[in-house]
Amino acid sequence: MFERILIASGPTLEAIDPVRFLSNRSSGLTGFHLAGVARERGLGPITFVTGPTAFRPQGVELVPVESAQEMGAAMRARFAEAAVTIMAAAVSDYRSLKYYPEKLKKSGERIVLELVKNPDILLDLGRRKGPGQLLVGFAAETEDIFANAQRKLEAKRLDLLVLNEVTADNPAFGDVENQVYLVRPDGVRRLERMGKAGVAAAVWDEIASLAGRSG
Ligand code: CTP
């Protein structure tokens with residue numbers, strides 16, 4: 001039983017003007033199942049910070065957000081209380097430098113939209129992590145997947161990284177199944193391709209093993 005579980009899920013949505021935005025294909029299904037499994041197993045109270053998605057789990061404290069900046073603020077405000085934090089959200093890496101308060105009118109054949117980087121929420125949480133807190137991240141890689149995963153694990157001070165190898169057969173985003181690797185500082189475990197509920201169950205098994213070892 002954990003004192004509190006904090007999960008970030010879904011895409012973020014970065015507004016450009018009152019009717020347009022930048023986002024990505026995250027369905028929020030993995031985060032939804034992570035909350036569902038934690039609830040079924042009675043692992044502790046869950047705070048669920050989610051970008052816009054249809055998948056909203058029951059029996060959680062639901063914190064709907066839109067942009068990466070809002071998600072970052074919501075996660076930082078709740079992080080210190082969380083024994084386990086999982087960043088399963090697909091945070092938009094960039095947002096429009098400018099928000100246009102009036103709907104943009106069409107103009108020339110080409111226009112340029114300037115983008116600015118969003119803060120890395122997980123990196124920031126890693127820096128704030130205290131003793132006894134477990135931090136889990138996700139990564140999507142297409143090349144040098146294990147070297148990149150190890151780098152991220154160290155840079156973001158993660159206890160566990162759920163690594164998606166993104167290929168034509170395993171798109172990860174928007175699919176109901178996924179094949180992932182569970183990467184820990186002390187080794188890598190390959191999971192078979194399975195439904196995302198199965199992936200969520202395996203992630204929680206791994207977290208339980210990490211928690212047992214540290215506590
Ligand atoms: N993440 C985050 N804040 C961001 C971007 C990503 O918290 N601004 C989190 C995601 O929730 C996920 C992990 O970081 O848990 C993904 O890390 P990232 O390095 O962005 O992975 P990739 O999407 O694989 O990106 P890249 O290889 O392009 O760096």
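Would you mind stating whether R127 is among the charged types (D, E, K, R) and either within 30 Å of R76 (Cβ to Cβ) or without any contact (Cβ under 8 Å) to a residue 12 or more places away in the chain (or both)? Step through it out loud before you land on a result.
Details: among the charged types (D, E, K, R): yes; either within 30 Å of R76 (Cβ to Cβ) or without any contact (Cβ under 8 Å) to a residue 12 or more places away in the chain (or both): yes.
When the stated conditions are applied, R127 passes them.
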note = Checked pairs for region 201-213, first open to solvent by less than 30 Å² (accessible area, probe 1.4 Å), second in a helix (DSSP H, G or I) and at pLDDT 95 or above, C-beta under 7 Å and 6 or more apart or across chains, list as A201/V37; V203/L34; W204/V37; W204/A38
ask   = Does L122 fit the bill of being touching a Phe, Trp or Tyr at 6+ places or on another chain (Cβ under 7 Å) and among the aliphatic types (A, V, I, L, M)?
value = no
ask   = Can you tell me which of K117, K106 is exposed (fewer than 12 other Cβ atoms within 10 Å of the Cβ), within 9 Å of the ligand (Cβ to nearest atom) and over 15 Å from the mean Cα position of the chain (by Cα)?
value = K117
task = Kindly provide the set of residues from region 152-184 that are more than 15 Å from the chain's Cα centre (by Cα) and near the ligand (Cβ under 9 Å from one of its atoms), ordered by number.
result = A155, V166
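Closer than 27 Å to V180 by Cα, exposed (fewer than 11 other Cβ atoms within 10 Å of the Cβ), in contact with a helix residue (DSSP H, G or I) (Cβ under 8 Å, 6 or more places away or on another chain) and not charged (D, E, K, R): does that describe G132?
Numbers: closer than 27 Å to V180 by Cα: yes; exposed (fewer than 11 other Cβ atoms within 10 Å of the Cβ): yes; in contact with a helix residue (DSSP H, G or I) (Cβ under 8 Å, 6 or more places away or on another chain): yes; not charged (D, E, K, R): yes.
Answer is yes for this residue.
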query = How many of the residues in region 152-167 are outside any loop (DSSP other than H, G, I, E, B), open to solvent by less than 60 Å² (accessible area, probe 1.4 Å) and at pLDDT 95 or above?
reply = 5
ask   = Can you tell me which residues in region 175-215 are out of contact with any Leu (no Cβ under 8 Å at 6 or more places or on another chain) and assigned to a loop (DSSP other than H, G, I, E, B)?
value = D175, D186, E192, R193, G215
message = Tell me the residue from A74, A83, A89, A68 that is more than 16 Å from the ligand (Cβ to nearest atom) and buried (at least 17 other Cβ atoms within 10 Å of the Cβ), please.
response = A83
task = Mind counting the residues in region 26-42 that are out of contact with any strand residue (DSSP E or B) (no Cβ under 6 Å at 6 or more places or on another chain) and either in contact (Cβ under 8 Å) with a residue 60 or more places away in the chain or open to solvent by 50 Å² or more (accessible area, probe 1.4 Å) (or both)?
result = 10
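The values are calculated or read from the model by the stated rules, or taken from the named source; none is laboratory data. Remember, it's a predicted structure, so these values are computed and weren't measured experimentally. So basically every Cβ, Gly included, is an ideal-geometry build from the backbone, and we count neighbours across all protein chains shown. These area figures cover heavy atoms from the full protein model, side chains too; ligands, DNA and RNA do not enter into them. Shrake-Rupley method; radii C 1.70, N 1.55, O 1.52, S 1.80 Å.
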